Amino acid sequence: MSEILNTRDSFGSKFGVIAATAGSAIGLGNIWRFPYVVGENGGGAFLIIYLAFVLAIGLPVMLSEFIIGRSSQRNAFGAFKVLAPGKPWYLVGVMGVVAAFMILSFYTAVAGWTLEYIYQSFANGFAGKSSAELSSMFTDFRSESWRPLLWFFVFMAMTALVIIAGVKNGIEKYTKILMPVLLVILVVLCIRSVTLEGATGGLEFLFKPDFSKITARTVLEALGQAFFSLSIGMGTLITYSSYVSKKETLGSISFSVAVADTMIAILAGVAIFPAVFAFGIEPGSGEGLVYITLPNIFQQMAGGYVFSLLFFLLLGVAALTSTISVLEVIVAYFVEELKLSRKKATWLATGSVSVVGIMCTLSWGAMKNVELFGMNVFSLLDFISANILLPLGGLLIVVFVGWFLGRNKAKAELSNEGRLKVVYFPAFMMIVKFIAPIAIALVFLQQIGLIRL
Ligand code: PHE
């Protein structure tokens with residue numbers, strides 16, 4: 001890999017790149033956030049809009065990030081400085097670092113809930129509890145304050161240690177085995193869930209579109225979820241692809257990652273909603289949905305103890321491969337732009353994220369009365385980062401590739417300097433120049449009420 005500056009790390013193989021990128025994409029976004037956002041937005045119709053956004057906007061944004069990252073071989077901020085010297089494009093990178101701060105703070109809180117659920121699975125804490133009891137088990141835990149905080153710090157420290165030790169490659173080795181296991185468990189959960197009595201209501205909810213439930217807000221949420229789930233719009237993939245060899249095929253990497261990510265989200269939906277209906281849980285019950293629903297399923301299946309333990313362990317691993325990708329955005333920026341050592345950069349980033357993270361973690365406990373625009377700190381950061389900063393970042397990224405970097409450079413990068421055929425290139429250019437920017441802008445304008453479609 002002579003093309004890559006030897007002071008920088010790089011991925012060893014194509015599978016390594018896919019594993020790391022998929023590791024970033026697949027996480028709580030698919031298994032925790034997707035079902036609860038679908039539940040809050042009325043089901044099937046939301047799913048269709050979400051899928052359309054993944055394909056028509058998500059994939060092209062992903063490719064654009066790959067083009068920017070691999071051609072510049074820099075972090076999300078430095079990449080724009082190299083490709084557009086003297087121009088304010090680097091502000092897109094700054095916005096990405098801000099989004100990374102926000103996401104890491106609330107995401108780690110949820111990852112901490114996973115640790116509590118590993119503990120509860122281990123201690124057989126779900127056994128014999130009714131659906132109502134499992135529901136209050138979650139809400140009581142979340143409002144307890146010190147316990148969620150403890151788990152938050154444990155998870156934050158784990159993320160920091162992985163980043164410092166640079167054992168990303170080690171993690172890749174394990175995720176190669178562990179993620180397929182997660183997939184298998186999800187499939188088993190789906191089977192158990194759809195065979196529960198009263199499950200069909202859940203499948204209808206998920207797959208039968210009712211377009212009367214669509215509002216401007218729903219469309220924005222679908223866009224935000226697509227960006228969040230694919231890890232795009234804030235430079236995670238700019239940073240990751242800066243470590244990718246010039247020989248890899250960017251097109252097939254993005255496609256595989258987007259397909260895998262979407263598949264896991266849909267499987268999570270199929271595992272959750274039939275059970276939600278079977279156990280009489282409210283689909284719109286918010287951030288607790290998965291944590292409340294799944295223990296019910298585990299109780300109703302043979303080997304539930306083992307499945308539950310394995311599932312939450314693997315969910316924790318999936319969350320960890322995502323948190324490291326978010327922290328890497330901040331750390332790469334600190335190391336390359338502020339010239340800090342990797343260790344210092346990591347602790348500085350982790351320390352400052354923790355300040356906000358504590359507020360997110362306490363959003364249902366000690367800080368439950370702190371609200372802005374009718375949202376607690378957690379929901380506010382989730383909303384601003386996923387639904388505003390990521391799509392806005394994505395908009396600027398495609399405009400940068402489509403209008404500033406231009407056709408020739410984009411084509412050279414996607415075709416590995418002409419060595420590969422990129423049949424999709426005209427469609428890609430059409431989307432990044434016109435369709436994606438216009439669509440994202442329309443969603444925003446509609447949301448703030450400036451237009452009515
Ligand atoms: N995509 C990750 C998930 O679904 C979350 C994430 C968002 C990671 C943005 C990186 C950047 O869990």
If you check every pair at least six apart or on different chains, which have Cβ atoms under 8 Å apart with a residue in segment 355-378 that is of a type in the set (G, A, S) first and a residue that is open to solvent by 50 Å² or more (accessible area, probe 1.4 Å) and assigned to a helix (DSSP H, G or I) second?
-> G365/S143
Can you name the helices (runs of 4 or more DSSP H) wholly within segment 343-430 that have at least 3 residues being of a type in the set (A, V, I, L, M, F, W, C), modelled with pLDDT of 95 or more and within 30 Å of L115 (Cβ to Cβ)?
-> 377-382
Answer yes or no as to whether V92 is crowded, with 24+ Cβ neighbours inside 10 Å, β-branched (V, I, T) and either more than 16 Å from the ligand (Cβ to nearest atom) or within 30 Å of F207 (Cα to Cα) (or both).
-> no
Taking interchain pairs and intrachain pairs at least six residues apart, which have beta carbon atoms under 8 angstrom, with the first residue in segment 419-443 and hydroxyl-bearing (S, T, Y) and the second assigned to a helix (DSSP H, G or I)?
-> Y424/G251
For segment 262-269, state whether one or more residues are within 30 Å of F80 (Cβ to Cβ), under 20 Å from the mean Cα position of the chain (by Cα), more than 15 Å from the ligand (Cβ to nearest atom) and buried (at least 19 other Cβ atoms within 10 Å of the Cβ).
-> no
May I ask you to list pairs of residues, at least six apart or on different chains, whose Cβ atoms are under 7 Å apart, with the first in segment 4-30 being among the aromatic types (F, W, Y) and surrounded by 14 or more Cβ atoms within 10 Å (Cβ to Cβ) and the second being modelled with pLDDT of 80 or more and in a helix (DSSP H, G or I)?
-> F11/A20
Among the residues of segment 222-260, write down those that are within 16 Å of the ligand (Cβ to nearest atom) and not in a helix (DSSP H, G or I).
-> S231, I232, G233, M234, G235, S242, Y243
Total residues in segment 193-205, condition within 8 Å of A271 (Cα to Cα) and of a type outside the set (S, T, N, Q) | 1
Starting from segment 217-246, take each residue that is touching a residue at least 12 places away in the same chain (Cβ under 8 Å) and list its partners that are among the hydroxyl-bearing types (S, T, Y) and near the ligand (Cβ under 9 Å from one of its atoms), counting only C-beta distances under 6 angstrom and pairs at least six apart or across chains.
-> S231/S24; T236/S24; T236/S325
Taking P295 as the residue in question, decide whether it is crowded, with 21+ Cβ neighbours inside 10 Å, touching a Cys at 6+ places or on another chain (Cβ under 9 Å) and in a helix (DSSP H, G or I).
-> no
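The values are calculated or read from the model by the stated rules, or taken from the named source; none is laboratory data. In this text, all values refer to a predicted model and were calculated from it rather than measured experimentally. Note that we place each Cβ from the backbone using ideal geometry, even for glycine, and neighbour counts take in every protein chain shown. Quick note on the areas: whole protein, heavy atoms, side chains included, nothing else; ligands and nucleic acids left out. Shrake-Rupley method; radii C 1.70, N 1.55, O 1.52, S 1.80 Å.
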